[in-house]
Amino acid sequence: EPEVTQTPSHQVTQMGQEVILRCVPISNHLYFYWYRQILGQKVEFLVSFYNNEISEKSEIFDDQFSVERPDGSNFTLKIRSTKLEDSAMYFCASSEEAGGSTDTQYFGPGTRLTVL
Amino acid sequence: RKEVEQDPGPFNVPEGATVAFNCTYSNSASQSFFWYRQDCRKEPKLLMSVYSSGNEDGRFTAQLNRASQYISLLIRDSKLSDSATYLCVVIEGWNNNDMRFGAGTRLTVKP
């Protein structure tokens, strides 16, 4: 069964450093998403991406964050200057469509980001 | 901020029990509804979509009441493997793929 993959599984970084989290969505999916989950808290939407541009973003997704689809398979989340409060599990997800019967989002296993 | 609220839990039930979870959402324009399950330190995995007519998948039954803005999940004959956190998820709007998650309800099924 096709699945979303993410690398690395765990990233440790120093405050102020840039990190890039990588995702390979399911191959026939057109919509891509990033979510985060701070330990012990709920999953929070960050951004959605379609047709090579951001379609929506939350208030969490400020200028420190950016997303890119550098090639036909990868989807990346960059945090420019990490803060302690960026420590969380970051989940990538993808769906065939948005809205309708094929809008189900499938999640990758996540990247645990630890900012020291 | 629009909210998705769930029973706080935790629910501790014996094997074979029937357990029900409730969820309310505040945005009446919400269009799509799901139950996901999340095991400890793992990703959310789709359990089932929730349709207006209600739907069943084996031991799991989901109901949606749009008038009351209420979603439920019923698990019959619970198994040890059902132990997880159950997440109520709502998408607001047809062209809006921003999923709003509830905080989750923790279920532990004991032998």
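From B:Gln69, B:Gln38, grab the single residue that is under 20 Å from A:Lys42 (Cβ atoms), out of contact with any helix residue (DSSP H, G or I) (no Cβ under 6 Å at 6 or more places or on another chain) and modelled with pLDDT of 95 or more.
From the options B:Gln69, B:Gln38, the qualifying one is B:Gln38.
Of the residues making up region A:81-116, just one is surrounded by 14 or more Cβ atoms within 10 Å (Cβ to Cβ) and basic (Lys, Arg), namely A:Arg112. Consider B:Glu5 carefully, then state whether it is closer than 24 Å to A:Phe107 by Cα and free of Cβ contacts under 8 Å to residues at least 24 places away in the same chain. Criteria not met by B:Glu5. Which one is nearest to A:Phe75 (Cα to Cα), of the residues in region A:27-61 that are within 11 Å of another protein chain (Cβ to nearest Cβ) and of a type in the set (Ser, Thr, Tyr)? For region A:27-61, the residue satisfying everything is A:Tyr33.
Here are B:Glu43, B:Glu56: which of them is among the acidic types (Asp, Glu), free of Cβ contacts under 8 Å to residues at least 12 places away in the same chain and in a strand (DSSP E or B)? Before the answer, list the steps.
Values: B:Glu43 fails: in a strand (DSSP E or B).
That would be B:Glu56, the only listed residue that is among the acidic types (Asp, Glu), free of Cβ contacts under 8 Å to residues at least 12 places away in the same chain and in a strand (DSSP E or B).
Under 19 Å from A:Tyr106 (Cβ atoms) and in contact with a Pro (Cβ under 6 Å, 6 or more places away or on another chain) - does that describe any residue in region A:38-61? Checked region A:38-61: no residue is under 19 Å from A:Tyr106 (Cβ atoms) and in contact with a Pro (Cβ under 6 Å, 6 or more places away or on another chain).
The values are calculated or read from the model by the stated rules, or taken from the named source; none is laboratory data. Please read these numbers as outputs of a predicted model, since none were measured by experiment. With ideal geometry, Cβ positions are generated from the backbone for all residues, glycine too; neighbour counts draw on all protein chains shown.
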